[in-house]
Amino acid sequence: MPITEKFNPFRSRGTLRADVTASLVVFLVALPLCVGVAVASGVPAELGLITGIVGGLVTGFLPGSSLQVSGPAAGLTVLVYEAVDSYGLGGLGVLVLAAGVLQIAMGVLRLGRWFRAISVSVVQGMLAGIGLVLIAGQLYALADAEAPSSGPDKLLGLGGLVVDTLADSGALTALGLGAATVLVLALWPRWRAGARVLPAPLAAVLLATGATVALDLPVARVEVQGLLASVQPPGAGDFAGLASVGMLGTVLAFTLIASAESLFSAAAVDRLHDGARTDYDKELIAQGAGNAVCGGLGALPMTAVIVRSSANVAAGARTKLSRVLHGAWLLLFAAAFPAALELIPVSALAGVLVHAGWKLIPVREFAPLWREHRAEAVVLAVTAVAIVVTDMFQGVLLGLLTAVVKTAWETSHVHVETEEPGDGALPLRVRVVGNATFLRLPKLLDQLEALPSDRRVELRLDGLRHVDHACGLALASWEEQHNRSATAPRVTA
């Protein structure tokens, strides 16, 4: 495994050669993903490249994690599409800029490490939900059809999509091209010689593009308007939207998801090499700086991307020069060969994102998680389903709430101990032990109700390590009512 070195690539020819080679590999991996994420997000393809460039030339220079690579991520595609649909490209720039500033502030306040406290099941559920919505939306793009805006509508419309596609030869051609792209993505890594030369995403897109041009296939292709023409900084009027609750909620969603995905990626990358560990607060500042620049340029939001990062490590990168150079190669391509993008079929990019969406869903991990940690599996499933049914922000909040409730349930163990004082005329001593929360209140009251109804009790709470307000009131009320009932005169027939 490579060992990261201090950022001085000219210390030796070996280090320089390793970083340049790794940067070319990362560039080849990033190129189709940058374009595909942009097209799926409903924005010009060049904006995805701009985000990749900023991820290399800005975030790549900053301290934090030396080897992880940043750029537009499939995990934010659904949220970006909804934001563009609601607020336009100008509003997207404001959202990304505000999220970047918020990330910088959190890094300065040293809150980066706290993102590690977010339940892994919530993050996996978030990614699974994103993957499901992403796949559902890209199935329409596979057939050159327009996808509905909401997650449920995408799923409900799949039946109609099948009927329409079967009746349209052009749609069938696009679908075949997209399906072939997915097949190449799945099989290409098994051909080790080919995989060493070209990354699977680039190979799949090149093959699909070559077939489209050679056979002059009647399928939709990427629309290009030029790198500089795509840069649309938000205007002063766009910032007025920050006063709305909906826009502020979207900023928080961008910040939470981008930060969590970046820092979880950093933890994963740290396990791939033996060099310096990530400084989470500095990495959060670096991600925030990159997003602030992207927002100012009206581009897509960025996160650290595990696919590109792991490719960087596997290619032998030793310093951050590799990720900086990958941004330079993207800039060179976007400036010198923009017309090449117009040859790429949209259905091929949809195939790349369908494959990426599938990889976001923890299919293999779910069954073992269900067997060993069923509550965590429930949190994952609730988060994923909530994102599909509602939207990203509400789904993540519901997932976090479910994780909190699960933790409270697991930690609130409470039981009742009784002690006979020896004299039946004296009150029965009842001691409640453990952590009493409202989640355990029904079970606790059932245990108390099982005590003799004609015997006074002396309720002791000194054995409780924690008691919330609801439990405290309920226990006091139960003791008062029980003792009043126990001392009430009995009416005999």
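The values are calculated or read from the model by the stated rules, or taken from the named source; none is laboratory data. No experiment lies behind these values; they were computed from the predicted model shown. Note that each Cβ is placed from the backbone with ideal geometry, even for glycine, and that neighbours are counted across all protein chains shown. Surface areas here come from the heavy atoms of the whole protein model, side chains and all, with no ligands, DNA or RNA. Shrake-Rupley method; radii C 1.70, N 1.55, O 1.52, S 1.80 Å.
Within the range 275-308, being farther than 26 Å from P44 by Cβ, part of a loop (DSSP other than H, G, I, E, B) and either among the aromatic types (F, W, Y) or touching a residue at least 12 places away in the same chain (Cβ under 8 Å) (or both) holds for G275, A276, T278, D279. Residues in the range 61-103 that are surrounded by fewer than 22 Cβ atoms within 10 Å (Cβ to Cβ), of a type outside the set (G, A, S) and over 19 Å from the mean Cα position of the chain (by Cα): F61, L62, P63, D85, Y87, L89, V101. Consider the range 419-441 and keep the residues that are at pLDDT 85 or above and open to solvent by 80 Å² or more (accessible area, probe 1.4 Å). The one that is nearest to K406 (Cα to Cα) is R431.
For the range 42-58, which residues satisfy the criterion of being touching an Asp or Glu at 6+ places or on another chain (Cβ under 9 Å) and either surrounded by 24 or more Cβ atoms within 10 Å (Cβ to Cβ) or in a helix (DSSP H, G or I) (or both)? Write out each step before concluding.
Initial filter on the range 42-58 (touching an Asp or Glu at 6+ places or on another chain (Cβ under 9 Å)): 42, 44-45.
Within the range 42-58, P44, A45 qualify.
In summary, V396 fulfils each of the numbered conditions (1) free of Cβ contacts under 8 Å to residues at least 24 places away in the same chain; (2) in a helix (DSSP H, G or I) with the single exception of condition (1). Between L284, L256, the distinction of being hydrophobic (A, V, I, L, M, F, W, C), under 17 Å from G71 (Cα atoms) and modelled with pLDDT of 90 or more belongs to L284 only. The residues of the range 183-208 that are at pLDDT 90 or above, open to solvent by less than 40 Å² (accessible area, probe 1.4 Å) and either within 21 Å of A145 (Cβ to Cβ) or part of a loop (DSSP other than H, G, I, E, B) (or both) amount to a single one, A208. The residues in the range 21-35 that are farther than 21 Å from T77 by Cβ and open to solvent by less than 10 Å² (accessible area, probe 1.4 Å) can be counted, and the count is 2. Just one residue in the set L330, L353, L341 is in contact with an Asp or Glu (Cβ under 9 Å, 6 or more places away or on another chain), in contact (Cβ under 8 Å) with a residue 24 or more places away in the chain, surrounded by 19 or more Cβ atoms within 10 Å (Cβ to Cβ) and aliphatic (A, V, I, L, M); that residue is L341.
Could you check, for the range 448-460, whether at least one of its residues is in contact with a strand residue (DSSP E or B) (Cβ under 6 Å, 6 or more places away or on another chain), open to solvent by 50 Å² or more (accessible area, probe 1.4 Å) and closer than 25 Å to K406 by Cβ?
First, pick out the residues of the range 448-460 that are in contact with a strand residue (DSSP E or B) (Cβ under 6 Å, 6 or more places away or on another chain): 455, 457-460.
Adding the requirement that they be open to solvent by 50 Å² or more (accessible area, probe 1.4 Å) leaves 458, 460.
Cutting the leftovers down to closer than 25 Å to K406 by Cβ gives us none.
Checked against the condition, which is being in contact with a strand residue (DSSP E or B) (Cβ under 6 Å, 6 or more places away or on another chain), open to solvent by 50 Å² or more (accessible area, probe 1.4 Å) and closer than 25 Å to K406 by Cβ, the range 448-460 yields no hits at all.
Residue check: Q68 meets all listed conditions (1) farther than 30 Å from A375 by Cα; (2) in a helix (DSSP H, G or I); (3) of a type in the set (S, T, N, Q) but one, namely (2). Hey, among the residues in the range 372-418 that are among the hydroxyl-bearing types (S, T, Y), under 30 Å from Y81 (Cβ atoms) and out of contact with any Gly (no Cβ under 7 Å at 6 or more places or on another chain), which one's most open to solvent (accessible area, probe 1.4 Å)? Filtering first and then ranking leaves T390.
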